[in-house]
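The values are calculated or read from the model by the stated rules, or taken from the named source; none is laboratory data. Worth saying up front: this structure is predicted, and the values here are computed from it rather than measured. Cβ atoms come from the backbone with ideal geometry, glycine included; neighbour counts cover every protein chain shown. Quick note on the areas: whole protein, heavy atoms, side chains included, nothing else; ligands and nucleic acids left out. Shrake-Rupley method; radii C 1.70, N 1.55, O 1.52, S 1.80 Å.
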Amino acid sequence: MDNLVIPNHIGIIMDGNGRWAKERGMARTYGHKCAVSTLKDLCIYMADVGVKYCSLYAFSTENFKRDLSEVNYLMDLFMKVFHKEFDFLMEKDVKVLFSGRREPLPEKVLKSMDELVKKTRDNNKLVLNICLNYGFQSEIVDTTKKICKMYKDGNISLEDIDEKFIEKNLYQSLPPLDFVIRTSGELRLSNFMLYQASYAEFYFPKVYFPDFNRNEFDKAIIEYNKRDRRFGGIK
Ligand code: IPE
Ligand code: IPE
Ligand code: MG
């Protein structure tokens with residue numbers, strides 16, 4: 001990893017857990033469980049190699065369309081992981097933020113999220129933005145409502161609204177995404193951070209998320225370093 005540029009803000013669409021489990025003759029939920037170990041090691045590695053911001057797509061607003069048993073399993077898993085398995089975040093100086101709607105997340109999950117945010121709020125090596133019950137379409141609706149209210153209350157004028165202002169008023173005020181990785185070979189964003197990804201580079205490895213290990217991450221960074229980013233200018 002020496003001499004390679006590490007993207008400042010990486011987005012990871014953690015896809016393929018169900019197929020990974022199915023290939024092993026197991027229930028889809030087994031894939032979600034195994035994805036947790038992959039994720040933990042990846043976070044440790046990202047903190048070590050100097051990633052500053054990482055947005056993780058954990059559960060979309062549309063994922064509520066799944067069978068209730070899978071949704072319930074995931075909600076339980078989130079709660080347990082946030083409570084018990086994220087102690088390493090303190091050691092690695094990782095700060096957690098969440099993006100997404102609170103409604104209709106169960107109270108126990110919301111509580112574990114709030115506790116994690118509070119516990120890690122003074123950490124500052126890596127910011128982990130967990131997108132849970134997140135959808136970009138909801139984000140732009142919620143942001144529009146928030147800005148309309150500021151306008152109505154007389155706190156801003158129309159001239160205050162520009163691209164940076166919108167960016168600052170999304171669920172979290174974060175720098176733009178530089179690199180978006182979606183595992184499992186699907187070539188779509190599925191409602192993930194469209195505003196923030198306007199000039200991101202995209203990478204779609206075939207591996208399912210539970211197999212996205214340090215070696216796969218290195219491959220992704222090598223690929224990122226081959227890209228020629230122009231931002232609309234001419235080089
Ligand atoms: C990603 O894996 C995890 C979530 C969306 C919560 P999937 O559950 O989408 O797995 P596949 O894509 O069906 O294999
Ligand atoms: C996107 O994956 C959401 C997450 C990884 C959390 P999905 O598996 O839900 O996306 P689609 O349905 O294949 O587009
Ligand atoms: Mg999927």
Mind listing which trypsin sites (Lys or Arg not before Pro) in the range 127-189 are in a DSSP loop and have 13 or fewer other Cβ atoms within 10 Å?
Arg188
Rounded to the nearest 20 debye, what is the charge dipole size of the range 1-124 about its Cα centre when +1 sits on each Lys and Arg Cβ and -1 on each Asp and Glu Cβ?
300 debye
Could you quote the convex hull projected area for the range 22-64, Cα atoms only and averaged over all directions, in nm²?
4.1 nm²
CD proxy, 222 nm, the chain: helix-only mean residue ellipticity via -39,500 (n - 2.57) per DSSP H run with n ≥ 4, per residue, nearest 500, stands at -12500 deg cm²/dmol
Please list, ordered by chain and number, the residues whose modelled amide H lies under 5 Å from the amide H of Arg227; skip anything fewer than 5 residues away on the same chain.
none
Taking chymotrypsin sites (Phe, Trp or Tyr not before Pro) in a DSSP loop with at most 13 other Cβ atoms within 10 angstrom as exposed, one finds the longest site-free stretch of the chain at 1-198
Would you list, by chain and number, the lysines whose Cα falls below 28 Å from the Cα of Lys152, excluding same-chain residues fewer than 8 positions away?
Lys164, Lys168
Residue-by-residue Karplus 3J(HN,Hα) for the range 184-190, coefficients 6.51, -1.76, 1.60, Hz, glycine and proline x
5, x, 6, 9, 8, 9, 6
For the chain, just run the numbers: alpha carbon Rg, then divide by 2.2 N^0.38 Å, N being how many residues it has.
1.03
Let me spell out the model: positive unit charges on the Cβ of Lys and Arg, negative unit charges on the Cβ of Asp and Glu, origin at the Cα centre of the chain. What dipole size does that give, in debye rounded to 20?
280 debye
Express the accessible area of the range 34-76 per residue in Å², computed with a 1.4 Å probe while the remaining protein chains stay in the model.
42 Å²
Please identify the trypsin sites (Lys or Arg not before Pro) of the range 26-55 that satisfy two criteria: DSSP loop assignment and at most 11 other Cβ atoms within 10 Å. Which are they?
none
Between the residues Tyr195, Pro175, Ile234, the Cα farthest towards the positive end of the dipole of the range 175-235, that dipole coming from +1 and -1 charges on the beta-carbon of Lys, Arg, Asp and Glu, is from Ile234
Across the Cα atoms of the range 17-147, what radius of gyration and what greatest pairwise Cα-Cα distance (Dmax) are found, in Å?
15.2, 49
Among Leu126, Gly185, Leu39, the residue whose Cα sits farthest towards the positive end of the charge dipole of the chain (+1 at Cβ of Lys and Arg, -1 at Cβ of Asp and Glu, taken about the Cα centre) is Gly185
Using alpha carbon centroids, what distance separates the range 5-26 and the range 101-137, in Å?
20 Å
Carbon/sulfur fraction of accessible area - the range 151-206, other protein chains in place, 1.4 Å, %:
53 percent
